[in-house]
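The values are calculated or read from the model by the stated rules, or taken from the named source; none is laboratory data. In this text, all values refer to a predicted model and were calculated from it rather than measured experimentally. Quick reminder, even Gly has a Cβ in these numbers, built from the backbone with ideal geometry, and neighbours come from all protein chains shown. Calculation scope for accessible area: heavy atoms of the full protein, side chains included, ligands and nucleic acids excluded. Shrake-Rupley method; radii C 1.70, N 1.55, O 1.52, S 1.80 Å.
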Amino acid sequence: MMTGTQRIKALLDGSPIDRTPIGGWYHMPLVDRNVTDFTRELIASTDLNKWDFIKIMTNGHFYTEAYGGDIAFSKVNTMWSGTIKRYPIRSAADARNLPVLGIDNPVWQRELKILRNLKDYYQDRLPIVATIFNPLTAVQECAGCLDPVPMLHLMAEDPDALHKALEAMTQTNFIYLDALFAEGIDGIFLANQYSMSHLLTDAQYEEFCQPYEARILEHCKGHTWFNMAHIHGSRNLRMDRYLSYSDDLLQALNWECCPVGVPAEEVTTIADVRAKTDKIIIAGFDQDHDFITPENDREAVKAVLKRRFLEAEKENGSNRFIFAPGCCLAHGGSYLNALIYEVAEELGQSK
């Protein structure tokens, strides 16, 4: 039986796999700021669900936290987001003067300890990827959490201040990444919340998003081997921006390939992507709807996941993809997550 590392490296180098790899991740808001408890929960969820890689599901406010935001963190297991009482960026002046954070920042130190624990436990049996927000997304998080409006205002009213903030955030990410490299991180989960084309014009995307994101991937060159782009959103994705990255910069693509309720013409399917690239595809089912049935019946959910798997395999042309959600699974976890493995074990064996 292959390890997760062996399976995913086999996808990259074209060698045989024993079955389709799988993955999943979800927020753990009650423990994700405690090194010991978060490490235990990450190991427990990974081992129980037999996932083939670990996406460290860092607290969703970690950039805001690192920059000194006043946050009332969630105390509910099924709600990842807390309440931001005071953002680090509240004006153009704040953006212009955003500092570069050193590696002694307590948030970075916490995350490095978590990585160290995971590396010690898994001994490279599974690849471990760290969550990194691209600079525009990270600056947005420090100004309005999931709300893009503050960034749109800065683009229109003081683009120079926004560029200053993006440069500071890029340098901060470089410092954090260098420490992750030193601890042996295998890759990054590079999240972009500006992937949907209706959020920015092409000109805005090319000026404020893409160049800074590209520098993050360039900085990883030679240090990581399993970088995933998380192309966030359910419709009208700027997928072509990611297909253009060379394979030594970006190895895998994760996105919502089958979102429920989205018009077909707005969906990026696995077939669309596979026709244009040989990068690893990490996708397959709708994390928001496919685990829900009126009776909460596992066999009904499993039937949906089986259908999703067979559709994904057909669109991909083989079982050489990673069967996974397009975004985070239900917060706090679910016993139904184990069905991802059951389906891959039954249907994903190499022929």
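Do the conditions hold for residue 178, that is, is it open to solvent by 50 Å² or more (accessible area, probe 1.4 Å) and in a loop (DSSP other than H, G, I, E, B)?
On the way: open to solvent by 50 Å² or more (accessible area, probe 1.4 Å): yes; in a loop (DSSP other than H, G, I, E, B): no.
Answer is no for this residue.
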Take the range 218-230 and flag every residue that is open to solvent by less than 50 Å² (accessible area, probe 1.4 Å), under 15 Å from residue 54 (Cβ atoms) and either in contact (Cβ under 8 Å) with a residue 60 or more places away in the chain or within 12 Å of the chain's Cα centre (by Cα) (or both). 226, 227, 228, 230
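In the range 48-82, what residues are in a loop (DSSP other than H, G, I, E, B), within 19 Å of the chain's Cα centre (by Cα) and not hydroxyl-bearing (Ser, Thr, Tyr)?
Pass one, the range 48-82, residues in a loop (DSSP other than H, G, I, E, B): 50-53, 56-61, 67-69, 73-82.
After this cut, where a residue has to be within 19 Å of the chain's Cα centre (by Cα) as well, the list is 50-53, 56-61, 78-81.
Matches in the range 48-82: 50, 51, 52, 53, 56, 57, 59, 60, 61, 79, 80.
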Which of the residues belonging to the range 85-130 are surrounded by 19 or more Cβ atoms within 10 Å (Cβ to Cβ) and either acidic (Asp, Glu) or outside any helix (DSSP H, G or I) (or both)? 87, 88, 89, 98, 101, 111, 126, 127, 128, 129, 130
With the checklist (1) touching a residue at least 12 places away in the same chain (Cβ under 8 Å); (2) in a loop (DSSP other than H, G, I, E, B) in hand, flag the one item residue 15 doesn't pass. (1)
Quick one: what pairs do we get from the range 284-310, first residue in a loop (DSSP other than H, G, I, E, B), second open to solvent by less than 10 Å² (accessible area, probe 1.4 Å) and at pLDDT 95 or above, C-beta under 6 Å, 6+ apart or different chains? 287/325; 287/329; 291/301; 293/301
Within the range 312-351, work out how many residues are closer than 23 Å to residue 262 by Cβ and over 23 Å from the mean Cα position of the chain (by Cα). 1
Filter the range 145-175 down to residues that are open to solvent by less than 10 Å² (accessible area, probe 1.4 Å) and without any contact (Cβ under 8 Å) to a residue 60 or more places away in the chain and give me whichever is nearest to residue 234 (Cα to Cα). 151
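Residue by residue, here is whether (1) touching a Lys or Arg at 6+ places or on another chain (Cβ under 9 Å); (2) open to solvent by less than 50 Å² (accessible area, probe 1.4 Å) holds:
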| position | (1), (2) |
| --- | --- |
| 213 | yes, yes |
| 216 | no, yes |
| 242 | yes, yes |
| 245 | yes, yes |
| 252 | yes, yes |
| 271 | yes, yes |
| 314 | no, no |
Test residue 136 against the stated conditions and say whether it is assigned to a helix (DSSP H, G or I) and closer than 26 Å to residue 282 by Cα. yes
